[in-house]
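Have a look at the structure below before the remarks.
The values are calculated or read from the model by the stated rules, or taken from the named source; none is laboratory data. Every value quoted in this text rests on a predicted model; they were computed, and no experiment measured them. Methodologically, a virtual Cβ is constructed for each residue, glycine included, from the backbone with ideal geometry; neighbour enumeration extends over all protein chains shown.
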């Protein structure tokens, strides 16, 4: 494993260069106070009056005037071109959880690339904050304090099985597959427990559950 650039005991906010809601960064920083930028996401940080502790990426979307306003020691140039800046940054961060903003909304291809990155074997769990939902990769088992009627969507990025408690349509015994059966638009009947038997399962929940998701991911250790 490559040496980590950022290693913290508290959650980390990772800001990307994509579409950012008016309060996304402040919502994220309230839960994850250490700020890191993926390449051009540094412009969002500076515009909001925040200085990232590190800027990670190939730096090809970092405007010269933004780069000049950053401490040279905070810039970490990752030269390879086979991965996105989100992937480059996420694999260099060690934290209880990473909260990503500026990766959902806007271009669909960027969102798909973000989902692909979520299911890669990175050091830290990550949850992406979108305009209406939060998305994270289900690694092992998680408990969520949901209420009856809340939407719980499961989307497999590859063939994967799992187990559930508290869903209107349980997933135990099913093989989910992006080319066949998926698990979107399920609903909670109360508190939910989910387990994936392997990598590849994305969980999509209402944005209002962000704090609960962060707490649940941290509890996984």
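Filtered by the rule that a residue be modelled with pLDDT of 95 or more and farther than 16 Å from residue 129 by Cβ, region 94-107 gives 94, 96.
Just one of (1) within 16 Å of the chain's Cα centre (by Cα); (2) at pLDDT 95 or above; (3) surrounded by fewer than 21 Cβ atoms within 10 Å (Cβ to Cβ) fails for residue 13. It is (3).
Looking across region 17-30 at every residue that is in contact with a strand residue (DSSP E or B) (Cβ under 9 Å, 6 or more places away or on another chain) and surrounded by fewer than 19 Cβ atoms within 10 Å (Cβ to Cβ), the one that is modelled with the highest pLDDT is identified as 27.
A single member of 106, 114 is crowded, with 20+ Cβ neighbours inside 10 Å, touching a residue at least 12 places away in the same chain (Cβ under 8 Å), outside the structural domain of residue 189 (by TED's automatic domain parsing) and within 27 Å of residue 38 (Cβ to Cβ), and it is 114.
Residue 122 passes all but one of (1) touching a helix residue (DSSP H, G or I) at 6+ places or on another chain (Cβ under 7 Å); (2) not assigned by TED's automatic domain parsing to the domain that holds residue 14; which number fails? Evaluating residue 122 over (1) touching a helix residue (DSSP H, G or I) at 6+ places or on another chain (Cβ under 7 Å); (2) not assigned by TED's automatic domain parsing to the domain that holds residue 14 leaves (2) as the failure. When each of 52, 33 is tested for being surrounded by fewer than 23 Cβ atoms within 10 Å (Cβ to Cβ) and closer than 20 Å to residue 97 by Cα, the lone residue that passes is 33.
Each row is one residue, and each column tells you yes or no for (1) within 24 Å of residue 81 (Cα to Cα); (2) in a helix (DSSP H, G or I); (3) assigned by TED's automatic domain parsing to the domain that holds residue 104.
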| residue | (1), (2), (3) |
| --- | --- |
| 14 | yes, no, yes |
| 22 | no, no, yes |
| 27 | no, yes, yes |
| 30 | no, yes, yes |
| 49 | no, no, yes |
| 52 | yes, no, yes |
